[in-house]
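S.K.: Mind looking over this structure? Questions follow.
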Amino acid sequence: MENTKNNSHQNILGIESSCDDTSASILSNGNIYSNVIASQQVHEEFGGVVPEWASRKHQQNIIPTVKSALNKANLTLNEIDAIACTQGPGLMGSLLVGHTFVKGLSMSLGIPFVNVDHLDAHVFAHFIDGEKPPLPFLCLLVSGGHTQIVLVNENFEMQILGKTIDDAAGEAFDKAGKMLGLSYPSGPIIDNLAKEGNSRAFKFNTPNVDKLDYSFSGLKTSILYFLQKEMKENPNFIKQHLNDLCASIQHTIVSYLLLKLKKAMEETGVKSIGIAGGVAANSALRDSLTKLANDTGSKAYIPKFEYCTDNAAMIAFAGKIKLEQKQVGTLTDVCYTRK
Ligand code: KG4
Ligand code: ZN
């Protein structure tokens, strides 16, 4: 769609609705002025995101979230120059709420919109503010739905060097948590409980997968069999060892993630490394990344906590880069569930 208002794109409204968080953000002259996130508690009792509930909640939340983002930035809709929106990957019903809303708003305001890839945006979180990594940059992207090692080249061209062949790292945290009787999402709960536990108390196996790829489904099975065996002998096993179990599971996931990142560093020779996505909020992963950088004479970059989990600030920022590259969306653009 042609920009009928102006070409400066000073005020960008970002919208994210790929999974279970509705988020709106204002990026103005390169700075984030608001980043409002409406989370959905409705999924907790189901132990995972229920797609139908997610889209219904996005519908209820999207207008109040956008209004709140505008208010916090002290702007009105008429002062917005362009809109950036998540196009995929994600849940189709969730994506459609945000994407269709943005197409309509863009038409009614006579301003352009830009499609943003959710995974690229997680990596872009590193460049929003604070110290920015030099390019080329190696980023471990770990979320509830994805696990990838991404090489960011000049002009933000992204190359996937490795990825999970089954479950994502966040899914491994969440499924392990479910087996331990923890609520959803379990990643942050495991992170907390692990602080009081011994990470060497129990040993779980991670599979040998080719090259820079990962596999997490085997870990899930090995945790399940281990717990079944122990609970048969002692029905209070999980309760008595919860902190140690959390610490050991977290240690297994984090070490496996960094093992492949280290391999990618050796193969590419890149010395600026980072983590992105919801699992990047994990304290053990953050500490271990810093240690890996120190041990290898590299530099670690970790985005602000609020830019790690799903948020619209990263969408607005990625949208700004795409607008600068003249990549504007059209009404025929469709959402996608996989990359
Ligand atoms: O990126 P994100 O917010 O949504 C997706 O695009 O998937 O990631 C959500 C995932 C969930 O699996 C959640 O358990 C995990 O990130 N997560 C964590 C932590 N905070 C969020 N995992 C481990 N430790 C944390 N502190
Ligand atoms: Zn995400």
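S.K.: Residues to consider are TYR225, TYR256; find the one that is of a type outside the set (Val, Ile, Thr), away from ligand 2 (no atom under 16 Å from the Cβ) and within 23 Å of the chain's Cα centre (by Cα).
M.R.: TYR256
S.K.: Provide a single number: the residues in the stretch 114-129 that are in a strand (DSSP E or B) and in contact with a strand residue (DSSP E or B) (Cβ under 6 Å, 6 or more places away or on another chain).
M.R.: Looking only at that region, the number is 3.
S.K.: If you don't mind, another one. Can you confirm whether the stretch 239-257 contains a residue that is without any contact (Cβ under 8 Å) to a residue 40 or more places away in the chain, assigned to a loop (DSSP other than H, G, I, E, B), farther than 23 Å from LEU141 by Cβ and open to solvent by 40 Å² or more (accessible area, probe 1.4 Å)?
M.R.: Checking the stretch 239-257: not a single residue is without any contact (Cβ under 8 Å) to a residue 40 or more places away in the chain, assigned to a loop (DSSP other than H, G, I, E, B), farther than 23 Å from LEU141 by Cβ and open to solvent by 40 Å² or more (accessible area, probe 1.4 Å).
S.K.: If the requirement is being touching a residue at least 40 places away in the same chain (Cβ under 8 Å) and outside any helix (DSSP H, G or I), which of these qualifies: THR86, THR65?
M.R.: Criteria check complete, one pass: THR86.
S.K.: Suppose the filter is surrounded by fewer than 17 Cβ atoms within 10 Å (Cβ to Cβ), under 24 Å from PHE127 (Cβ atoms) and among the hydroxyl-bearing types (Ser, Thr, Tyr); does SER222 pass it?
M.R.: Considered against the rule, which asks whether it is surrounded by fewer than 17 Cβ atoms within 10 Å (Cβ to Cβ), under 24 Å from PHE127 (Cβ atoms) and among the hydroxyl-bearing types (Ser, Thr, Tyr), SER222 comes out as no.
S.K.: Conditions first: (1) more than 21 Å from TYR184 (Cα to Cα); (2) aliphatic (A, V, I, L, M); (3) not in a strand (DSSP E or B). ALA54 passes all but one, so which condition is the exception?
M.R.: (1)
S.K.: Being touching a residue at least 12 places away in the same chain (Cβ under 8 Å), farther than 28 Å from HIS146 by Cα and charged (D, E, K, R), is that true of even one residue in the stretch 48-59?
M.R.: No, the conditions are met nowhere in the stretch 48-59.
S.K.: If a residue must be open to solvent by 60 Å² or more (accessible area, probe 1.4 Å) and modelled with pLDDT under 95, how many such residues does the stretch 184-202 contain?
M.R.: Of the residues in the stretch 184-202, 1 are open to solvent by 60 Å² or more (accessible area, probe 1.4 Å) and modelled with pLDDT under 95.
S.K.: Ok, one more. So the check is Cβ under 7 Å with 6+ separation or different chains; which pairs have a first residue in the stretch 18-29 that's touching a residue at least 40 places away in the same chain (Cβ under 8 Å) and assigned to a strand (DSSP E or B) and a second one that's near ligand 1 (Cβ under 10 Å from one of its atoms) and open to solvent by 10 Å² or more (accessible area, probe 1.4 Å)?
M.R.: Going by the 7 Å Cβ cut-off, the qualifying pairs are ASP21/ILE37; ASP21/SER39; ASP21/ASP310; SER23/ILE37; SER23/ASP310.
Rundown of residues vs (1) farther than 17 Å from HIS43 by Cα; (2) not in a loop (DSSP other than H, G, I, E, B), yes/no style:
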| site | (1), (2) |
| --- | --- |
| LYS163 | yes, yes |
| TYR184 | no, no |
| PRO188 | no, yes |
| ALA201 | yes, no |
| THR206 | yes, no |
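S.K.: Just one of ALA293, ALA280, ALA276 is buried (at least 23 other Cβ atoms within 10 Å of the Cβ) and touching a Lys or Arg at 6+ places or on another chain (Cβ under 9 Å); which is it?
M.R.: Just a single option satisfies the conditions, and that option is ALA280.
S.K.: Read through the list (1) in a loop (DSSP other than H, G, I, E, B); (2) exposed (fewer than 15 other Cβ atoms within 10 Å of the Cβ), then give the number of the only condition that ASP310 fails.
M.R.: (2)
S.K.: Right, something else. Among the residues of the stretch 71-104 satisfying the criterion of being open to solvent by 20 Å² or more (accessible area, probe 1.4 Å) and among the hydrophobic types (A, V, I, L, M, F, W, C), which is nearest to the chain's Cα centre (by Cα)?
M.R.: Looking at residues that are open to solvent by 20 Å² or more (accessible area, probe 1.4 Å) and among the hydrophobic types (A, V, I, L, M, F, W, C), I get LEU91.
S.K.: Can you find a residue in the stretch 51-70 that is on the phi > 0 side of the Ramachandran plot and open to solvent by 70 Å² or more (accessible area, probe 1.4 Å)?
M.R.: no
The values are calculated or read from the model by the stated rules, or taken from the named source; none is laboratory data. Keep in mind the model is a prediction, meaning the values are calculated, not measured. Cβ atoms come from the backbone with ideal geometry, glycine included; neighbour counts cover every protein chain shown. The protein model used for the area step is the full one, side chains on, heavy atoms only, and it has no ligands, DNA or RNA in it. Shrake-Rupley method; radii C 1.70, N 1.55, O 1.52, S 1.80 Å.
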